[in-house]
1. Just need the relative contact order of the stretch 139-202 here, percent rounded to a whole number, with Cα pairs under 8 Å and 6+ apart.
2. Please state, as a whole number in µm²/s, the translational diffusion coefficient that the Stokes-Einstein equation yields for the stretch 149-213 at 4 °C and 1.567 mPa s, with Rh defined as the Kirkwood radius across alpha carbon pairs.
3. Choose one of LEU258, THR452, PRO53: the residue whose Cα lies farthest towards the positive end of the charge dipole of the chain (beta-carbon charges +1 Lys, Arg; -1 Asp, Glu; about the Cα centre).
4. Would you report the distance distribution of C-alpha pairs in the stretch 245-367 as whole percents per 5 angstrom bin, up to the bin with the largest distance?
5. For the pair ASN515 and ALA445, what calculated FRET efficiency results from E = 1/(1 + (r/R0)^6), where r is the Cβ-Cβ distance and R0 = 30 Å, to the nearest 0.05?
6. How would you classify the stretch 393-533 from its alpha-carbon gyration tensor, with a ≥ b ≥ c the square roots of the eigenvalues: rounded for a/c under 1.5, else prolate if a/b is greater than b/c, otherwise oblate?
7. What shape does the stretch 314-472 have by the C-alpha gyration tensor, where a ≥ b ≥ c are the square roots of the eigenvalues, rounded means a/c under 1.5, and otherwise prolate means a/b greater than b/c and oblate the rest?
8. How big is D for the chain, in µm² s⁻¹ as a whole number, if Stokes-Einstein is applied with the Kirkwood radius of its Cα pairs at 37 °C and 0.692 mPa s?
Amino acid sequence: MIRTVPETTGEGIELYIRTYYSLLRSSGDVRIRSLEETHEGMRSSLHLGAESPEFDASAFLYAALRLPDCLDRAERVVMGQSDEVFLRGGFRNIAQWQRVDAPARRRRMLFDGKKTVAAFVSSVTDIDDLVPSLTAFQIEWNKLHHRLTTTQLGHDLAAGRVAASDVPTALRDTLGVNETDMARLYQVWGAQWDAKIQAVATHPTDLRVTSLASGFNDYRKAVQIWWDDLVRAADATYLEFRPIYFVSSNPHSLTNVLSGYALSQRDELAAFVMAQNPEGLAEEWQRLVEGDEPGAQDNFLYYVLRAYLRGNEARHRQWYDGETANGAISRFDEPSELDISCQIIDLQNLDIARIDPRLQMPGLARLRESNALIVNVDYPLGFAAYHLLSQIASSASDLLGIYLMGKAATLSGRVGDVMIPNVVYDEQSRNTFLFKNCFLAQDVAPYLLHGTVFDNQKAVTVRGTFLQNREFMHVFYREGYTDLEMEAGPYLSAIYEDIYPKRYPVNEIVNLFINAPYDIGLLHYASDTPYSRRQSLLSKSLSYFGVDATYACSVAILRRIFEVEIARLAQT
C-alpha cells in the first residue's frame, strides 16, 4: 500500500486517544483524573506546561473558551448525538435544561442547574475536542486551587472575607501569574471575576465524563434530523428540488457581501464607531477613510455591523428585514440537534445593484433566470463535515460545486495569509487526497490587502487541536505540508462517496482529478503559526485582523459561483 507520509500520530498521542476511547466504552462515568497522565505524556503543542507545577495560562484559557461557563459548578459531562439518545440514556427532562454556550466553540450544551452538562456531539471529532479540553481545564484549574489553598489569602477568598477584585496584586503574586496572563484570565471571567476566583479557592475540580454516543448510525440520524428541519424551514425555496452550490464558511460573510445592508448603513455605522469606539476601532476607521482602500472600508463595515446590532432589538429587526428582503436570503439559525446554522441564498432573487462592488462582473443580470441555490453552512467541526455533506449530497437534486473556506494553522506563513491546497492528507482516514482546486492565487490576491496567497499547497486534516505536538508537526513540515486544519479530509471523503459507488477507502492515495463532475474549491486563511514563536492562536485572536482574509476568500468563492452559474445558464 502506497503512503505519502510516514506514520504521523506519535506514540504519546496514540496512547492518549486509545485510552479515552477505551474508557468511554464503560457504562459508568470516567473520571477525568484517570486521563491526566496520558494527556500530559502526549506533550501537546497547546498544553506544553501540562506536566509543570506552574500554571499554563494559554492552555487553560484555550480550554475554558471552548467549554461552558457553568463548568466550575458541574461535576459530570454526558455526551450524546441527539435528544433521542439522551432520552434513551434516562435523561427524561432534558428539554427543560438551560442552554449554555462556549464562547469559542459552536456546540449545543445544556445544564441541569445542579451538576450535569449534556454535550451534543455531531461526530467523533467532538469527542476528540471535548475530552482533551476538559482534561486541560481540570489540570490547570487544580494548579490554581492548590496555589490558593496553601495561603491565607486563599482561605479568605474561599470564605468570602475578601473579594478578588479588592486584592489584584496579592492575588497575582499568590497565583504566580504574570500581568499579561492575569489580564487574559480576567478577560474571560471579567463579568464574574470575584465568583470565579472564589470558586477556584473553594474547591478543586474532579470532573466525570460519560458517552451515550455509541453508534455511528446515531450520528447519521442526527444529521438527518438537521436536514429534515432545514427542508421544512426552507419550504418556500423548494430546497430538495433545485440545484445547489454548497459552501462551508461562516454565517455572516457571504450574506454581508450579498445583501448590501451594511453598505447601505455606512453613515449610521460610521457614526456608531466614532461614538462608541467598539474594540478601539475608531482610529482604524479614520485611517481607512483617509486612505484609498474601498474594499477595506467595506470589510470594516461588515465587521462592526455585529457590534452595532448587538443588544438592540430594533436594529436587529431592521437588519433581518433588509437581509431577507425579496426572498434572496433565508436563515436557519436555531437547529434542534446539530448546532450548525445555515443560510440559503436564492440566486434569482439577488438585488444585483446592492451587492458588494467586488462581485460585479459581466452577465450578472442572467442570474434572474437561475434556478440554483447557494447553501452555506457554518463550518462544522472535524468529521461532522463528512456526515453533513454526505446527507446533502444524497438528498439534493444536483450539486453544482463544493466550496470550503475555513481557518487553519500555517507551518510557514503568517497570520492572515491564504493557503490554497491541492493535496490533503487526512488523519481520520489516513488517505492522501489529490484534486484540482478550482482556485488559484490570482483568484484571491486582488482582494487580499495585507496577507499573501499561496496556491499549490499541501494540507493535513488533524483529529483535534490538542492532539498534536511538535514532533507531529515536524513530520509534516519535513514532507512539505504547510496547512493544518480540521474539515477538508472529511469533506473530501464525502465527495469521494458522491463520485464513486463505494465507501471512501482507508490509507490510500485517492485521486479526485478524474471523475469530479463539479468544482472543488478549498481556501484556508491562517489563524495560527504553531511552528513559529511570532503569533499563536493561544495568544492572539484573529478578531478584526481576520476580516481581510475572510472577505477576500468570500469574494473569491462568490465570484466563482457567479461565473459557473452564468456559463451554465448560457448553455441552456
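1. Details: 52 pairs, mean separation 32.4, N = 64.
Across the stretch 139-202, relative contact order equals 51 percent.
2. 101
3. Going by the Cα projections, it comes out as PRO53.
4. With a bin width of 5 Å, the distribution comes to 2, 10, 19, 21, 20, 14, 10, 4, 1, 0.
5. Working: r = 30 Å, r/R0 = 1.00.
Efficiency computed from Cβ-Cβ geometry: 0.50.
6. In terms of gyration-tensor shape, oblate.
7. Values: a/c = 1.79, a/b = 1.44, b/c = 1.24.
Since a/c reaches 1.5 and a/b is larger than b/c, the shape of the stretch 314-472 is classed as prolate.
8. Rounded, D is 131 µm²/s.
Laboratory data are not the source of any read-out in this text; all were calculated from the coordinates shown. Owing to the predicted nature of the structure, the values given are computational and were not obtained by experimental measurement. When we count neighbours, we look across all protein chains shown, and the Cβ atoms used for this are built from the backbone with ideal geometry, even at glycine.
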